[in-house]
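Everything on this sheet refers to the single structure shown next.
The values are calculated or read from the model by the stated rules, or taken from the named source; none is laboratory data. Here the structure is a predicted model, which means the values were calculated and not measured. As a convention, Cβ positions derive from the backbone with ideal geometry for all residues, glycine included, and neighbour counts pool all protein chains shown. Quick note on the areas: whole protein, heavy atoms, side chains included, nothing else; ligands and nucleic acids left out. Shrake-Rupley method; radii C 1.70, N 1.55, O 1.52, S 1.80 Å.
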Amino acid sequence: MEYIRRIVDDELDIRSKAFNAINIVGPKGCGKTRTAKERCNTVIEFQDEEKRDGYLAVAETNPKLLFNNTKPILFDEWQDASKIWGAIRKDSDDNPESVGLYYLTGSTSKKVDTPHTGTGRITELVMYPMTCYETGESNGSVSLTGILEDNEYNLDGQLCDAKLETLFFAACRGGWPRCLAIKSDAAKLKIAKDYYNQIYNKDANNIDGIKRNSELMRILIWSYARNMGTTAKKTSIFADVKATHEVNDSTLYSYVEVLEKLFVIKDIDAWTPQIRSKTAIRAAKKHIFIDPSIALAALGISPNYFNNDLDLFGHVFENMVLRDLLVFATVHDARVMHYTDDTGLEADAVYQLPDGRYALIEIKIGANQIASAEKTLLKFRDVIRKHNENALLNGKHPKPIYREPSALIIICANAQIAYTTDSGVKIVPYGCLRD
């Protein structure tokens, strides 16, 4: 299968010019090894049964011998030969000018402690599943970065032909590269289900060799799936598990930590500017899955289910968009957050560039929700403006000033055309979105 260039390749291009080695981490099946192979002249796979014993013997006794191969070199499943890390670090110290020579990939379910961090020599890059732009559901005609960086960026009139049914399927299939090599739609849906089963049956134990209760892990994933895209308290999530099992919070917190290390779940931080006096900001994190297909596998849901439950798809769609925003953020050194306060003011996502520019984003399924979402975003902008006016009233003791959003954006699942409203809000069909 021909390699499909990933958004993260742009970041790899830059880091390969700055660091001696790149350690690519992320969920299993997201394409780490394939992406690294595209960049390397030599591939050493420690799981290759025909060469495994020889590779491991060399890696254990004199790992630098492996560096005599044509560079760049990929060490796949490097955790099986953990001395490679130290050898790369030493080689990097001896040849600091030799950048982009080594790539490391491995199983997410294997964690090893290295004696040295590799700081300044070995950089770690998180790779996520594919966005809908990479898998083809989005035509990529509207750039989020373009909106933020170019005041004259024109998205008006860009068309989208992605149907809701297409997105239902994309959510259940997930952003797994393996699916692109499979012709049968029914077969594609098996990939996420298999990943899900392996997570609670095998990976949760293999990550550190500690035996865990697979049924507890399964129910915990199921409970997280019920609460994806929300800021539900962990006590509420744990209650689902405690309903059928006697287990304490410390054990469940340790299980959550394992799911985070396996890149199954992730919490989105809250954006916390005090833009209203005496207003309580809800600093709770928003719970999402690295890919919503795992959550849907845990819930036992197929694409047709959403024909009668668009409310649930609203949470799933928000998770899909946040996954894509995290991929974009990796390449553009951006942050993805959310905002909610006790007055009901909210933004589904806050996408902030490193120079401080940011977009307030609402994520909606139907075009009939655009008007209310527009009002929410405009109200948010007006609150920031009002705060800044009040902050400057006392010239001798001004209060903090907050930057106004560089863009107000509504990402809509079934909008057919991109346009800018009279108030300046950008309407972006999901089927047009790219970084």
Q: Quickly run through segment 400-430 and pick out the residues that are part of a loop (DSSP other than H, G, I, E, B) and over 25 Å from LEU353 (Cα atoms).
A: ASN414, ALA415, GLN416, ASP422
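Give segment 141-158 a look and list any residue that's open to solvent by 20 Å² or more (accessible area, probe 1.4 Å) and either assigned to a loop (DSSP other than H, G, I, E, B) or under 20 Å from LYS261 (Cβ atoms) (or both), or say none.
Of everything in segment 141-158, those that are open to solvent by 20 Å² or more (accessible area, probe 1.4 Å) and either assigned to a loop (DSSP other than H, G, I, E, B) or under 20 Å from LYS261 (Cβ atoms) (or both) turn out to be SER141, ASP150, ASN151, GLU152, TYR153, ASN154, ASP156, GLY157, GLN158.
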(Q) Just checking, does segment 387-399 include any residue being open to solvent by less than 40 Å² (accessible area, probe 1.4 Å) and not in a helix (DSSP H, G or I)? (A) no
(Q) Looking at ARG34, ARG39 in this structure, which one is touching a residue at least 40 places away in the same chain (Cβ under 8 Å), of a type in the set (Lys, Arg), surrounded by fewer than 19 Cβ atoms within 10 Å (Cβ to Cβ) and not in a loop (DSSP other than H, G, I, E, B)? (A) ARG34
Q. Using beta carbons and a limit of 6 Å, which pairs, at least six apart or on different chains, have the first residue in segment 147-165 and among the polar types (S, T, N, Q) and the second one loosely packed, with under 14 Cβ neighbours inside 10 Å and in a loop (DSSP other than H, G, I, E, B)?
A. none
Q.
Pairs needed: first member in segment 1-24, modelled with pLDDT under 95; second member anywhere, of a type in the set (Lys, Arg); C-beta distance under 8 Å; at least 6 residues apart or different chains.
A. TYR3/ARG34
Q.
Checking the structure you have, find out if any residue of segment 266-281 is basic (Lys, Arg), without any contact (Cβ under 8 Å) to a residue 40 or more places away in the chain, surrounded by fewer than 14 Cβ atoms within 10 Å (Cβ to Cβ) and within 19 Å of THR108 (Cα to Cα).
A. no
Q. Which of (1) touching a Pro at 6+ places or on another chain (Cβ under 9 Å); (2) surrounded by 15 or more Cβ atoms within 10 Å (Cβ to Cβ); (3) over 20 Å from THR420 (Cα atoms) does GLU165 not meet, given it meets every other one?
A. (2)
Q. Restricting attention to segment 117-140, which residues are more than 25 Å from MET320 (Cβ to Cβ) and not in a strand (DSSP E or B)?
A. THR117, GLY118, THR119, GLY120, ARG121
Q | Subset of segment 46-76 (residues that are of a type in the set (D, E, K, R) and modelled with pLDDT of 95 or more) | A | LYS71, ASP76
Q. Which members of segment 159-207 meet the condition of being assigned to a helix (DSSP H, G or I) and among the charged types (D, E, K, R)?
A. GLU165, ARG173, ARG178, ASP185, LYS188, LYS190, LYS193, ASP194, LYS202, ASP203
Q | Complete set of residues in segment 91-111 that are loosely packed, with under 14 Cβ neighbours inside 10 Å and either in contact with a Cys (Cβ under 7 Å, 6 or more places away or on another chain) or in a helix (DSSP H, G or I) (or both) | A | ASP93, ASP94
Q: May I ask you to list the residues in segment 306-334 that are in contact with a Gly (Cβ under 7 Å, 6 or more places away or on another chain), closer than 12 Å to THR131 by Cα and open to solvent by 10 Å² or more (accessible area, probe 1.4 Å)?
A: none
Q | Within segment 199-253, tally of residues that are of a type in the set (Lys, Arg) and open to solvent by less than 40 Å² (accessible area, probe 1.4 Å) | A | 1
Q: Could you tell me whether THR114 is surrounded by 14 or more Cβ atoms within 10 Å (Cβ to Cβ), modelled with pLDDT under 95, touching a Leu at 6+ places or on another chain (Cβ under 7 Å) and not in a helix (DSSP H, G or I)?
A: no
(Q) Go through segment 177-198 and report how many residues are free of Cβ contacts under 8 Å to residues at least 60 places away in the same chain, open to solvent by less than 40 Å² (accessible area, probe 1.4 Å) and under 14 Å from ALA297 (Cα atoms). (A) 2
Q) Just one of ASP48, ASP53 is over 20 Å from HIS332 (Cβ atoms) and open to solvent by less than 60 Å² (accessible area, probe 1.4 Å); which is it? A) ASP48
Q. Which of (1) closer than 29 Å to LEU220 by Cα; (2) of a type in the set (S, T, N, Q); (3) out of contact with any strand residue (DSSP E or B) (no Cβ under 8 Å at 6 or more places or on another chain); (4) open to solvent by 30 Å² or more (accessible area, probe 1.4 Å) is the odd one out, the single condition SER372 does not satisfy?
A. (1)
Q: Determine which member of the set ALA170, ALA186 is under 19 Å from TYR305 (Cβ atoms), touching a Ser or Thr at 6+ places or on another chain (Cβ under 9 Å) and aliphatic (A, V, I, L, M).
A: ALA170
Q. Name the pairs whose Cβ atoms lie under 7 Å apart, with the first residue in segment 242-263 and over 12 Å from LEU220 (Cα atoms) and among the polar types (S, T, N, Q), the second surrounded by 19 or more Cβ atoms within 10 Å (Cβ to Cβ) and at pLDDT 95 or above, and 6 or more positions between them or separate chains?
A. none
